[in-house]
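Right, one structure below, let's go through it.
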Amino acid sequence: MRVISRKCPHQILLVLSVLTLLSLWPGAGLAETETVDKVVVTVAAAEPPPARIAKRMTASIMTVGEQILVGRTLRDIETNQANYEDLVRDIFNRVLIGYTVEQVKLTPGISTNILVAVRPWGDVVRDISLEIDIGGLSPKVMTLIKNDMGKIEDQVADVLIGLPVDSVEWAGGISKTVIREWLATELPEFRSNLEITAGQHTSIKLSLIPTGPTINNVELSLRSSTIPNILLAEARPPVREAADMLHGLPVAFVERHKEYFTTEIQNTAAKHPVVKKYGLVLTPVVNPGVDTAITLQAETTKYRVILEGSLDMGREKDNTLAKLHFGKFTGSRDEVFMEIKFVPNNMNWEFEPGWGHKFTENTVAGLKYNISENGSILWLNHYLGPNWTIRLEDMPKTDYYEFGVRYKLHEFLSAEYVITEKENWLRMIANL
């Protein structure tokens, strides 16, 4: 006897029913040379059941037919055909909830055909509605999730529409299988839970639950090397709101749709008046993780305005400084500028006009002139990444140089270790 899976209770019931009825069958011991080798099943109905349901019915009838007929002689089948047909009808009227078996017709042969005509008990499902519940996730990601899910409603409709309302409960398992298989391909970062309310209009509630690591925290940084960061502060709230839609999403989902979220953040920032006012070019970078980091770089192509205040720790003389850098780009790689420095300790002002040239994407160097000291200064900045910078300044006239390594703690504060010929110190820099 063929082994029946525990996952198929209807098939188990079918086989048990068959064995019970066959134990009382009078012609079970007849022997003939020609026997039934296989069974072919056809399911007929005035309102055909959904394709997947018809497939399930066919499989069930096939199981019963094989248990009853395979191995039996054609003489036996022909002699007792009406009894066999009644047996199949009786079994399926017991287990095929929602349908009445109107007719069973056997066509005996080595390949025996079984035609089963069924009729729904009452109302059938005419249409369905699908509600998707994403729990506490941001409603802004619903469009993206629906795009990923594609035509899942059509997949469920293929299972349920045309099915007797009374059959929806046991067909729900098939619907869940369909959805689970579909989501495994189209939306693998979520698992699903399905609630079905049966009727001519059947409503389905599909709850999506994130799987795997999810985003618990989103760190947002707005930065600029060409305008004071304080000017970007007013654009922060709407960008923050856009960034917060990532909370609770699976990290893998955000990674797969990184381009979408990057574009959404960029478009949100681009709508703010400050962006249009200063002609800013926006470059957002999203690094998904349990703690997701979002950096929005905002730069101008016409001017560079930098306002800094610094405090040197470990240096006694001139240890505080305020600096304003105002520059005008004269090309894609060149800038002319004026730097104004104020030293509160001795109330000195210093003016340094200069020029800079971008040699590579990470290296800028040039020349400036200190009017107070009547001396030229050679300078170079090399960027090691979004947070690290190496700085070198050399004044040949006074044989003085400064070498600094700067780390940006966040958009408003940096720390720099400064090395000179005579002393070293730590400089804290406020990037206003």
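What are the residues in region 327-338 that are open to solvent by 40 Å² or more (accessible area, probe 1.4 Å) and more than 43 Å from the chain's Cα centre (by Cα), if any?
Thr330, Val336, Met338
Can you tell me how many residues within region 263-275 are open to solvent by 10 Å² or more (accessible area, probe 1.4 Å) and under 20 Å from Pro139 (Cβ atoms)?
The total comes to 5.
Thr226: over 15 Å from the mean Cα position of the chain (by Cα), surrounded by 14 or more Cβ atoms within 10 Å (Cβ to Cβ) and at pLDDT 85 or above, yes or no?
yes
Note down all Cβ pairs under 8 Å where the first residue falls in region 121-135 and is closer than 11 Å to Ala198 by Cα, the second is of a type in the set (Lys, Arg) and open to solvent by 40 Å² or more (accessible area, probe 1.4 Å), and they're at least six residues apart or on different chains.
Sorted first by the residue in region 121-135, then by its partner, the list stays empty.
For region 82-100, how many residues meet the condition of being open to solvent by less than 60 Å² (accessible area, probe 1.4 Å) and farther than 25 Å from Leu163 by Cα?
Here the count works out to 1.
Which number in (1) surrounded by fewer than 19 Cβ atoms within 10 Å (Cβ to Cβ); (2) more than 11 Å from Ile215 (Cβ to Cβ) marks the one condition that Val290 misses?
(2)
With Gly162, Gly135 as the choices, which residue is open to solvent by 40 Å² or more (accessible area, probe 1.4 Å), part of a loop (DSSP other than H, G, I, E, B) and at positive phi?
Checking each option against the conditions leaves just Gly135.
Restricting to strands (runs of 3 or more DSSP E) lying wholly in region 361-432: which have 3 or more residues that are within 27 Å of Gly331 (Cβ to Cβ) and either at pLDDT 95 or above or β-branched (Val, Ile, Thr) (or both)?
363-370, 375-383, 388-395
State all residues of region 339-375 that are more than 22 Å from Asp312 (Cβ to Cβ) and over 55 Å from the mean Cα position of the chain (by Cα); if no residue qualifies, say none.
Correct list: Ile371, Asn374.
Looking at Lys323, Lys341, Lys397 in this structure, which one is among the charged types (D, E, K, R) and touching a residue at least 24 places away in the same chain (Cβ under 8 Å)?
Going through Lys323, Lys341, Lys397 in turn, the sole match is Lys397.
Can you name the residue in region 231-251 that is touching a residue at least 24 places away in the same chain (Cβ under 8 Å) and among the charged types (D, E, K, R) and is also least open to solvent (accessible area, probe 1.4 Å) among such residues?
Asp244
Restricting region 166-185 to residues that are under 19 Å from Arg256 (Cβ atoms) and surrounded by 15 or more Cβ atoms within 10 Å (Cβ to Cβ), which is farthest from the chain's Cα centre (by Cα)?
The extreme case among them is Trp182.
Of all residues being of a type outside the set (D, E, K, R) and touching a Gly at 6+ places or on another chain (Cβ under 8 Å) in region 293-302, which is least open to solvent (accessible area, probe 1.4 Å)? Just the residue, please.
Looking at the filtered set, the residue picked out is Thr300.
Starting from residues that are aliphatic (A, V, I, L, M) and part of a strand (DSSP E or B), keep the ones in region 339-360 and report whichever is surrounded by the most Cβ atoms within 10 Å (Cβ to Cβ).
Once the filter is applied, the top-ranked residue is Val343.
The values are calculated or read from the model by the stated rules, or taken from the named source; none is laboratory data. Because the structure is a prediction, the values reported are computed rather than measured. Quick reminder, even Gly has a Cβ in these numbers, built from the backbone with ideal geometry, and neighbours come from all protein chains shown. Surface areas here come from the heavy atoms of the whole protein model, side chains and all, with no ligands, DNA or RNA. Shrake-Rupley method; radii C 1.70, N 1.55, O 1.52, S 1.80 Å.
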